[in-house]
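The values are calculated or read from the model by the stated rules, or taken from the named source; none is laboratory data. Values in this document were obtained by computation on a predicted structure and should not be read as measured data. Don't worry about glycine lacking a Cβ; one is built from the backbone with ideal geometry, like all the others, and counts go over all protein chains shown. For accessibility, only protein heavy atoms count, side chains too; no ligands or nucleic acids. Shrake-Rupley method; radii C 1.70, N 1.55, O 1.52, S 1.80 Å.
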Amino acid sequence: MTDEAAMMVALEEARQAAGRGEVPVGAVLTDARGALLARAGNGILQLRDPTAHAEVLALRAAARKLGNERLLGTTLYVTLEPCAMCAGAISLARIARLVFAAEDPKGGAVLNGPRYFTQTTCHHRPQLEHMQAHAEIAGGLLREFFRARRN
């Protein structure tokens, strides 16, 4: 699966999450060859779990599938810059690459906020890629979701 294809799947997961009333964030995890390991959208409301962010759900599914908490050589694609909780989980899972679309100036922890992967206490730092070509699409999903909630 190419980066483009994986991000398109993550965007579809985000759309499905919005359809369930969840904040539209999607995530896809691929192995070193690009094969799909897991995909998820936010599930906080559905699962009644504050940790059920798309990233965490994808990491959990892949760890179960592989029978290993270390997801070495994998790439995580996310439609929104991960928060501090998700950045911590990404580090602990030893994700090789993190590719995300939209920045999150308010809640993000990669380019914004605590910049988790630059902290001296961070044990593992993935290669970071900001897929700006899809930032407007991912950001548009979020803006529309919150606009509808305000009306």
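See the values below:
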read-out: The chain, relative contact order in percent, only Cα pairs under 8 angstrom and at least six apart counted; value: 19 percent
read-out: Structure-derived Kirkwood radius over Cα pairs in Å: which label, when the choices are [x] 15.0; [y] 22.8; [z] 15.4; value: [x]
read-out: Highest to lowest packing among 120-129, 45-54, 4-13, scored as the average C-beta count within 10 Å; value: 4-13, 45-54, 120-129
read-out: Sorted peptide list for 72-79, 22-29, 132-139, 91-98, criterion being average Cβ within 10 angstrom, highest first; value: 22-29, 72-79, 91-98, 132-139
read-out: Rounded percent of accessible protein surface that carbon and sulfur make up, the range 60-151, 1.4 Å probe; value: 53 percent
read-out: Two-site FRET efficiency, Thr118 against Thr51, from Cβ-Cβ distance with R₀ of 25 Å, rounded to 0.05; value: 0.60
